[in-house]
Amino acid sequence: MRLSELPEIDNTLRPYQVKGKQNIYEAWDSSRTVLFQMPTGTGKTRLFSSIIRDTQRLTAIEKKRHGVLVLAHRTELIQQIDETLSHKYGIAHGIIKSGFEEQTQYPVQVASVQTIVRRLERWSKKGFSYIIIDEAHHAVSSTYMKICTAFPMAKILGVTATPCRLSGDALRKLFG
């Protein structure tokens, strides 16, 4: 079963978020990587948290683990994602960040890019099915690319309000 075949159950999403989620699922049906742009304040974290819940629904239906790795580069973003997953969606997850005890039993992990890249050998054995990159305009840096390369079978979703880099580096290195 594909994510695009799951019936929508998240009645907290706005219509444009539901449409965005459908577009992401349809794009994943034919591509490994998807870059999704939404303006600041329009609910990117809520949208990808809903997608994470769908991956866990798929896990329950298929009885097959669909792990999700969420990457963020700032503590504030990790806290926002943690709060949304915990309080708005009730999704148990671990946090991979210095100062936090790793909870490897959870299929959903929210990671500091700086921390997971140093612990990549240990985590690459987890075989995540999905990687979600918050602030995806950073995704073509060497650290993000190293992480994505470590999970060659994972579908990748990048979300950002600004789908360009000040350096001029093309996001096409990761997002087709």
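Miscellaneous remarks
- Subset of the stretch 52-76 that is among the charged types (D, E, K, R) and not in a helix (DSSP H, G or I) - its residue that is farthest from residue 6 (Cα to Cα): 74
- The set of residues from the stretch 77-90 being within 16 Å of the chain's Cα centre (by Cα) and open to solvent by 20 Å² or more (accessible area, probe 1.4 Å) comprises 79, 80, 82, 83, 86, 89.
- Residue check, residue 72 hydrophobic (A, V, I, L, M, F, W, C) and surrounded by fewer than 16 Cβ atoms within 10 Å (Cβ to Cβ): no
- Under the condition of being open to solvent by 20 Å² or more (accessible area, probe 1.4 Å) and assigned to a loop (DSSP other than H, G, I, E, B), the residues counted in the stretch 94-147 number 18.
- Boolean, residue 61 is surrounded by fewer than 19 Cβ atoms within 10 Å (Cβ to Cβ) and touching a Lys or Arg at 6+ places or on another chain (Cβ under 9 Å): no
- Close pairs from the stretch 122-133: first at positive phi, partner in a loop (DSSP other than H, G, I, E, B) and open to solvent by 10 Å² or more (accessible area, probe 1.4 Å), Cβ under 9 Å, at least 6 apart: 127/65; 127/153
- The stretch 1-51 - residue that is in a helix (DSSP H, G or I), acidic (Asp, Glu) and in contact (Cβ under 8 Å) with a residue 12 or more places away in the chain and, of those, most open to solvent (accessible area, probe 1.4 Å): 26
Conditions tested, residue by residue: (1) within 18 Å of residue 108 (Cα to Cα); (2) aliphatic (A, V, I, L, M).
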| position | (1), (2) |
| --- | --- |
| 4 | no, no |
| 7 | no, no |
| 24 | no, yes |
| 30 | no, no |
| 55 | yes, no |
| 65 | yes, no |
| 72 | yes, yes |
| 85 | yes, yes |
| 88 | yes, no |
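- Residue check, residue 143 β-branched (Val, Ile, Thr), modelled with pLDDT under 95 and within 22 Å of residue 8 (Cα to Cα): no
The values are calculated or read from the model by the stated rules, or taken from the named source; none is laboratory data. Fair warning: this is a prediction, and the values are worked out from it, not measured in the lab. Quick reminder, even Gly has a Cβ in these numbers, built from the backbone with ideal geometry, and neighbours come from all protein chains shown. These accessible areas exclude ligands, DNA and RNA; they are computed on the full protein's heavy atoms, side chains included. Shrake-Rupley method; radii C 1.70, N 1.55, O 1.52, S 1.80 Å.
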